């Protein structure tokens, strides 16, 4: 298999040199705005939305949104986007599968893998996202194609990067975990002139990402940002993210009789030479010009490139060694409907796991340019806040698959000519951690390209100081084409699809006081079947795009001068032409008809007193697949969609120096695939923190999973369902020093 020898970090000096050149050629302007610093850097709430397509204040948004800020991430010791998003009830994590590597998310019962954004620009690359360069993560709930284009059925996740300011600051941090991860960070901000600043964040970590076997990682990254014209009518922001990850994908535990096999939580079924190497390069430029005090134009260009070289091995069904030479037999995983009998399968100690290779080299690239025009004007007694824009983007995807056809006890696992990639077998209870000697063969080459052209407009009409109306339209044209070098009944040799779709957004907001907001909203979205630039087909042609509609009503309260926010909402999302993996062939997708997810959510964020603060929420989801074309999924609950989920985190300052806190995460039982024949149980996890603060430094001791609960963190729907066990009882010690 091809290997990667070039790190995108070599581009960092070029980016810095470019930034210095632009700085030298830019003269400071005479007009200047006053920079407003956050009133409290340790507050979990009171966050303004950074995305320019959304109102700055959450109360003016007729839609649910959750902001996970840096203070909360630090308090919890969250170092990955996946761990930070555990603060969002109704959001679950899916594990790596097929062509999907990295942070895969289910939001409100729908996949959000392609609904991740970076500073408002689409970040569709497949990689494990870190928090070292992030200031916050914004999660917008529900269909939002009018604002963000294709996708967003369950919502949108926007990563907000750290930005330069005119206040010099430097912080270094080092941490170590009980499971063997050592991590160092640097965050440096410097004032270059009265109108310019530079900030850089660096990260390096090495060790195990959890207490499970085969989770070694060695990652590092740099995120430089230069901002020019701060406080002037024209501001330019140049940013970049260069990151290199060398991780091991965790495909979890195989299913046996309708549940994950009852094995030790640390057991993994890959090989010692497995690795997932990702080189991430992301560069952005934003130019903002204030034409008048109430009219401005903004242009953003974002270029992303992610190259991943993966050699991965997954547990693929359970069987026994029987027959002449101890040949591997019995590939059934067993379900609650058709369990494997003990007499035929034997005890767990006699069971073996068939291993399957998932090797590929993926090149994922995107270029997007977004222009926004905003202005305020008055029509009679009605005040208007208008947003209009144009978006142009291109995605390209190249996935070269490889496979390893191996043996079990000297007997071939694959038929002659097959590309199934069954590479070996290992004991269910005591898997071996050795290299795999099966030869590597070249498999299917998937290629894809997509062009996005869109225009949009949104107007917020203030009928009175207490009543506002929101209305928006967006017209998208999405043209995609894909090819496969080895076509099958489930992957087309070549196909293309062009979708023209009009997205709408409407809402009404009633604000009787400055602290209260009540709203009702309606929004739509669409998902092309070629959105991920792979053949999501019924075997003959691309499936029609899903069409999604949402109705939501809710309330938001800002208390204690904005330091504390309370929210509550009820909603219903309906998806038409819904797609799901076929029960008998995980590579084949069908349009299962209609999926409905109704529910309610509530949240709290911020300080209830000067010493005590909370962050958390509860979500109830009633999800169902209705009018299904595939009869085995009719009336079932979508995979990885818990009915109830709750997350709470609270800290209390005992003194000016000492802080204690903790929280809980609850997730009800979830099905591992859409047939609902396999599931994982509910769980409650408890975490805690003790911190010591000084003006120059902080010492923080985090404890995870205090009760050592055996639970499952991420689910994989294929092959009968697989589940990845979560972190056992463990701890982290970190020290941060400020210059």
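The values are calculated or read from the model by the stated rules, or taken from the named source; none is laboratory data. Note that the coordinates shown come from a computational prediction; the quantities given were computed from them, not determined experimentally. Glycine gets a Cβ as well: all are built from the backbone with ideal geometry, and neighbour counts include every protein chain shown.
In table form, for the structure just shown:
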read-out	value
Members of the range 432-448 found to be part of a loop (DSSP other than H, G, I, E, B), in contact (Cβ under 8 Å) with a residue 24 or more places away in the chain and touching a strand residue (DSSP E or B) at 6+ places or on another chain (Cβ under 6 Å), listed by number	436, 438
Residues of the range 626-639 classified as touching a strand residue (DSSP E or B) at 6+ places or on another chain (Cβ under 8 Å) and surrounded by fewer than 24 Cβ atoms within 10 Å (Cβ to Cβ), total	9
Meets criteria (in contact with a strand residue (DSSP E or B) (Cβ under 9 Å, 6 or more places away or on another chain), crowded, with 20+ Cβ neighbours inside 10 Å and in contact (Cβ under 8 Å) with a residue 24 or more places away in the chain) for residue 476	yes
Only one of 429, 473 that is touching a helix residue (DSSP H, G or I) at 6+ places or on another chain (Cβ under 8 Å) and not in a strand (DSSP E or B)	429
The range 388-412 residues that are in contact (Cβ under 8 Å) with a residue 12 or more places away in the chain and at positive phi, paired with ones that are surrounded by fewer than 21 Cβ atoms within 10 Å (Cβ to Cβ) and outside any strand (DSSP E or B) (beta carbon under 7 Å, 6 or more apart)	409/325; 409/326; 410/325
Unmet requirement for residue 618, which otherwise passes all of (1) more than 21 Å from residue 643 (Cα to Cα); (2) at pLDDT 95 or above	(1)
Residues that are touching a residue at least 60 places away in the same chain (Cβ under 8 Å) and either over 12 Å from residue 713 (Cα atoms) or in a strand (DSSP E or B) (or both), drawn from the range 673-692	673, 674, 675, 677, 678, 679, 680, 687, 689, 691
Test result for residue 203, touching a residue at least 40 places away in the same chain (Cβ under 8 Å) and within 30 Å of residue 709 (Cβ to Cβ)	yes
Which numbered condition residue 291 misses (of (1) modelled with pLDDT of 95 or more; (2) crowded, with 21+ Cβ neighbours inside 10 Å)	(2)
Check on residue 196, surrounded by 15 or more Cβ atoms within 10 Å (Cβ to Cβ) and in contact with a helix residue (DSSP H, G or I) (Cβ under 8 Å, 6 or more places away or on another chain)	yes
Yes/no for residue 719 being closer than 17 Å to residue 666 by Cβ and at pLDDT below 95	no
Hits in the range 405-421 (condition: at pLDDT 95 or above and not in a loop (DSSP other than H, G, I, E, B))	none
Strands (runs of 3 or more DSSP E) contained entirely in the range 85-155, each with at least 2 residues that are modelled with pLDDT under 90 and within 20 Å of residue 621 (Cα to Cα)	91-94, 104-107
Residues (assigned to a loop (DSSP other than H, G, I, E, B), within 23 Å of the chain's Cα centre (by Cα) and under 25 Å from residue 184 (Cβ atoms)) located in the range 697-739	705, 727, 728
Qualifying residue in the range 300-322 (condition: at pLDDT below 75, over 30 Å from residue 385 (Cα atoms) and part of a helix (DSSP H, G or I))	no
Residues that are within 21 Å of the chain's Cα centre (by Cα) and surrounded by 21 or more Cβ atoms within 10 Å (Cβ to Cβ), drawn from the range 259-278	276, 278
From the options 554, 598, 561, residue that is modelled with pLDDT of 85 or more and not in a strand (DSSP E or B)	561
Total residues in the range 657-672, condition surrounded by 18 or more Cβ atoms within 10 Å (Cβ to Cβ) and in a strand (DSSP E or B)	8
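So that you can scan it fast, the table gives a plain yes or no per residue for (1) in a strand (DSSP E or B); (2) more than 27 Å from residue 457 (Cα to Cα); (3) at pLDDT below 95:
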site	(1), (2), (3)
478	yes, no, no
482	yes, yes, yes
496	yes, yes, yes
504	yes, no, no
512	no, yes, no
518	yes, no, no
521	yes, no, no
526	yes, no, yes
